Amino acid sequence: MSDQSELSPGPATPADPASSSGLSRRGVLRAAAAGALGIPLGAATTGATAASAAVPAAAVSGAAPELPAGLLPYLSPYINWAGEITHAGLWACAPRTGQDLADLANWAWANGWRLRARGKSHNWSPLTITSDTEHDAQVLLLDTTKHLTHMELTTPPDGAPGAVRAQTGVTLETLLAFLADNGLGVTNTPAPGELTLGGTLAIDAHGTSVPADGEPARPGHTYGSLSNLVLSLTAVVWDPDQDAYVVRTFRRGTDEECEALAAHLGRGLVVEAEIQVGEEIPLRCQSRVDLTADELFAAPGSALAARGNTFADFMAESGRVETIWFAFTDRPWLKVWSLSPERPLTSRQVYAPYNYPFSDVIPTPVSRLVGLLVGGSWHLAPVLGAAQYTVAATGLTATFATDLWGPAYTLQFYLRPTTLRETANGYGILTSRADVQRVVSEFAAFYQERLTAWAAAGRFPVNGQVEIRVSGLDQPDDSAAPGARPPLLSVVRPHPDHPEFDCAVWVDVLTQPTSPGAHEFYQELEDFLMSTFDGGYALTRVEWSKGWGYTDTAAWADEQVIESAVPASYGVGQWSEAVAILDRLDPHGVFGNGFTDRLVR
């Protein structure tokens with residue numbers, strides 16, 4: 001998993017149990033921001049809101065743990081992306097080597113502690129820590145970003161132009177820039193560059209791409225998740241012969257452990273990964289804000305669809321499409337990427353990521369509206385949506401960002417940590433290319449109908465945007481490792497009973513974390529997705545890093561979804577195979593928490 005804010009290593013602070021009991025979420029945000037920026041707590045801010053509550057210097061009871069290998073413990077607040085899962089201070093350390101991690105695992109097993117790797121915490125779900133983690137929990141955070149960042153090119157296998165070995169604390173932005181300097185790259189990557197390699201592999205992070213009509217296969221690339229690029233993984237695992245945790249390397253196509261660890265959901269501890277990569281080809285990214293949602297998401301066969309401007313039409317033309325649809329607006333921000341070895345005359349060349357400054361930093365009118373909303377004026381959600389659309393539409397023109405061209409990674413990364421922090425649900429809907437527009441249309445129609453109905457009742461649970469993307473599946477033929485199987489717990493692992501499914505539609509609905517009725521709205525949406533896309537022409541799976549498993553009051557709380565629906569969506573035997581391997585690699589449950597104990601079982 002990954003961590004957005006963290007304290008620098010320093011001397012352990014004695015605990016003050018009484019001081020942590022009344023700690024506010026805002027206080028934790030403030031402490032995390034202060035630590036990450038190296039500024040006094042009194043001056044810290046987070047997002048667009050200045051924090052006002054003081055944070056106790058110590059928030060963990062008990063003395064600092066005595067760690068092996070000369071590692072120094074320090075107190076660190078934890079905060080996930082949207083600030084829904086926070087902790088005032090857990091013990092942490094910055095391991096330097098894989099052997100340090102093995103020593104820590106043996107120490108944790110002997111002393112009743114659990115280890116949670118973290119990098120940048122751009123994560124919504126409780127895969128690192130849970131929201132009810134006690135103030136004195138015996139949980140040690142492992143900051144992989146301080147030392148575990150080495151990377152080097154390796155000799156690629158036949159069928160791949162390149163390969164790279166990287167430790168799991170390196171960020172994707174650093175890794176892909178390194179690859180681009182060597183003429184190499186990947187097809188699919190998430191929008192934020194500030195994610196660690198370890199975190200993205202743990203949850204099989206994805207991008208948005210399928211082959212355009214007529215696009216030939218590209219050696220070394222995959223249209224599935226980053227986990228499908230894995231050639232080998234080095235991890236800390238239990239060795240029954242040595243009666244200890246050790247560092248061991250597993251190879252794709254040879255060792256079944258590799259397919260389980262390639263998307264382990266926090267139930268493993270990966271030190272290093274070797275991944276295949278392909279030739280880097282520049283991309284062109286064109287943005288439009290003139291098409292209506294009715295036309296983009298039109299039902300197949302309708303008069304609107306016949307105009308040739310549907311989501312599926314753009315997918316067929318370029319293979320790489322995303323729509324960002326602000327709440328209560330009718331014209332989404334459409335992004336279309338296409339392979340473009342040469343710069344088109346109308347495109348502006350870019351040399352670095354994050355080329356939408358109007359979305360990187362929250363504009364003052366938007367931040368003021370957000371402040372009013374979270375202050376209780378939730379009825380302003382339509383005004384906020386209109387403001388966000390206006391900022392995007394005018395910002396694209398003002399910054400000459402409607403038509404960009406450059407190295408692929410400079411256009412694939414476009415989301416900074418300074419953007420508006422929102423909560424998000426997330427689902428990957430497996431289907432065939434022929435049914436993509438049907439899935440998109442039925443989802444959009446239901447979302448729009450429910451949003452309108454809630455607003456008519458004076459309730460505004462959604463004030464963010466809907467994001468719709470599409471990717472390929474983790475096809476084993478994409479791998480240059482002979483005998484490779486898809487990662488066992490990848491959301492885009494092909495379903496054994498549905499060979500016709502060849503892609504996944506990704507849908508996310510974002511809103512402010514404290515929006516009244518948000519969980520209830522998300523529950524309605526989840527029920528619709530799971531009952532409509534139930535394995536006929538499409539199949540819903542949850543997106544590991546996002547929100548899912550909703551009751552009307554909480555996420556990750558519906559036991560039927562966690563214990564039944566999620567495992568069933570992977571096919572008979574596959575879920576149990578993955579669980580058995582992960583349990584064998586960590587029989588003492590050192591790598592896990594209360595949520596993964598319920599999920600990966």
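The values are calculated or read from the model by the stated rules, or taken from the named source; none is laboratory data. In this text the structure is predicted, and so the values were computed from the model without any measurement. Backbone-built Cβ (ideal geometry, glycine too); neighbour counts: all protein chains shown. Calculation scope for accessible area: heavy atoms of the full protein, side chains included, ligands and nucleic acids excluded. Shrake-Rupley method; radii C 1.70, N 1.55, O 1.52, S 1.80 Å.
Condition check for Gly268 on (1) part of a loop (DSSP other than H, G, I, E, B); (2) more than 29 Å from Arg116 (Cβ to Cβ): one failure, at (2).
Could we say that Ala92 is modelled with pLDDT of 95 or more and over 20 Å from the mean Cα position of the chain (by Cα) here?
yes
For Gln242, the criteria (1) farther than 25 Å from Ala316 by Cβ; (2) buried (at least 24 other Cβ atoms within 10 Å of the Cβ) hold in every case but one, which is (2). For segment 327-365, give me each residue that is open to solvent by less than 60 Å² (accessible area, probe 1.4 Å), of a type in the set (S, T, N, Q) and out of contact with any Pro (no Cβ under 7 Å at 6 or more places or on another chain). Selection gives Thr329, Ser338, Ser347, Asn355, Ser359.
Residues of segment 297-320 include at least one that is within 18 Å of Val505 (Cα to Cα) and in contact with a Pro (Cβ under 6 Å, 6 or more places away or on another chain).
I'd like the residue in segment 409-421 that is surrounded by fewer than 23 Cβ atoms within 10 Å (Cβ to Cβ) and of a type outside the set (Ser, Thr, Tyr) and, out of all such residues, is farthest from Ala352 (Cα to Cα). Quick ask: steps written out before the conclusion?
Going residue by residue through segment 409-421, those that are surrounded by fewer than 23 Cβ atoms within 10 Å (Cβ to Cβ) are 411, 414-420.
Subsequent filtering for residues that are of a type outside the set (Ser, Thr, Tyr) retains 411, 415-417, 420.
Numbers: Leu411: 8, Leu415: 13, Arg416: 13, Pro417: 16, Leu420: 21 Å.
Selected residue: Leu420.
Counting only residues that are within 26 Å of Tyr522 (Cβ to Cβ), assigned to a loop (DSSP other than H, G, I, E, B) and of a type in the set (Gly, Ala, Ser), segment 449-499 holds 4 of them.
Quick check on my filter: what residues within segment 304-363 are under 14 Å from Pro282 (Cα atoms) and of a type in the set (S, T, N, Q)? Passing the criteria: Ser318, Ser338, Ser340, Ser347, Gln349. Listed by first and then second residue, the pairs linking a residue in segment 477-495 that is farther than 17 Å from Ala578 by Cα to a residue that is open to solvent by 20 Å² or more (accessible area, probe 1.4 Å) and of a type in the set (Ser, Thr, Tyr), with Cβ atoms under 9 Å apart and 6 or more places separating them unless they lie on different chains, are Asp478/Tyr223; Ala481/Thr254; Pro482/Thr254; Gly483/Thr254. Of Thr514, Thr553, all but one fail to be β-branched (Val, Ile, Thr), open to solvent by 20 Å² or more (accessible area, probe 1.4 Å), in contact with a His (Cβ under 8 Å, 6 or more places away or on another chain) and modelled with pLDDT of 95 or more; the exception is Thr553. Among the residues of segment 187-201, the ones that are crowded, with 24+ Cβ neighbours inside 10 Å and either among the β-branched types (Val, Ile, Thr) or farther than 14 Å from Ile275 by Cβ (or both) come to 8 in all. One residue is enough: does segment 217-229 have a residue meeting the conditions more than 27 Å from Leu339 (Cβ to Cβ) and either surrounded by fewer than 24 Cβ atoms within 10 Å (Cβ to Cβ) or without any contact (Cβ under 8 Å) to a residue 60 or more places away in the chain (or both)? The answer is no; no qualifying residue exists.
Glu317 fulfils the conditions (1) charged (D, E, K, R); (2) open to solvent by less than 30 Å² (accessible area, probe 1.4 Å); (3) under 26 Å from Ala212 (Cβ atoms) except for a single criterion, (2).
Look at (1) touching a Phe, Trp or Tyr at 6+ places or on another chain (Cβ under 7 Å); (2) open to solvent by 20 Å² or more (accessible area, probe 1.4 Å); (3) touching a residue at least 60 places away in the same chain (Cβ under 8 Å) and you find that Phe297 fails only one, number (2).
Look at (1) more than 27 Å from His147 (Cα to Cα); (2) open to solvent by 20 Å² or more (accessible area, probe 1.4 Å) and you find that Thr310 fails only one, number (2). From the set of residues in segment 556-601 that are in contact with a strand residue (DSSP E or B) (Cβ under 9 Å, 6 or more places away or on another chain) and open to solvent by 60 Å² or more (accessible area, probe 1.4 Å), which is farthest from Pro496 (Cα to Cα)? Out of the qualifying residues, it is His588. Residues of segment 146-178 that are over 17 Å from the mean Cα position of the chain (by Cα) and under 30 Å from Glu66 (Cβ atoms): Lys146, His147, Leu148, Thr149, His150, Gln167. Scanning segment 161-182 for residues being surrounded by fewer than 22 Cβ atoms within 10 Å (Cβ to Cβ) and under 25 Å from Val336 (Cβ atoms) gives a total of 3.
The single residue among Leu396, Leu411 that is out of contact with any Ser or Thr (no Cβ under 9 Å at 6 or more places or on another chain) and outside any loop (DSSP other than H, G, I, E, B) turns out to be Leu411. Note on segment 158-265: enclosed helices (runs of 4 or more DSSP H) holding 2 or more residues that are among the acidic types (Asp, Glu) are 172-181, 256-261. For segment 381-405, taking the residues that are open to solvent by less than 10 Å² (accessible area, probe 1.4 Å) and in contact with a Cys (Cβ under 9 Å, 6 or more places away or on another chain), the one that is farthest from Gly458 (Cα to Cα) is identified as Leu404. Answer with yes or no whether Ala424 is of a type in the set (Gly, Ala, Ser), within 19 Å of Val336 (Cα to Cα), open to solvent by less than 20 Å² (accessible area, probe 1.4 Å) and outside any helix (DSSP H, G or I). Against the criterion (of a type in the set (Gly, Ala, Ser), within 19 Å of Val336 (Cα to Cα), open to solvent by less than 20 Å² (accessible area, probe 1.4 Å) and outside any helix (DSSP H, G or I)), Ala424 does not qualify.
Residues that are open to solvent by 30 Å² or more (accessible area, probe 1.4 Å) and in a helix (DSSP H, G or I) within segment 517-550 comprise His519, Glu520, Gln523, Glu524, Asp527, Phe528, Met530, Ser531, Thr532, listed in sequence order.
Among the residues of segment 125-147, those that are over 19 Å from Leu201 (Cβ atoms) and either in contact with an Asp or Glu (Cβ under 8 Å, 6 or more places away or on another chain) or acidic (Asp, Glu) (or both) comprise Ser131, Asp132, Glu134, Asp136. Exactly one residue out of Arg331, Arg348 is more than 27 Å from the chain's Cα centre (by Cα) and of a type in the set (Lys, Arg), and it is Arg348.
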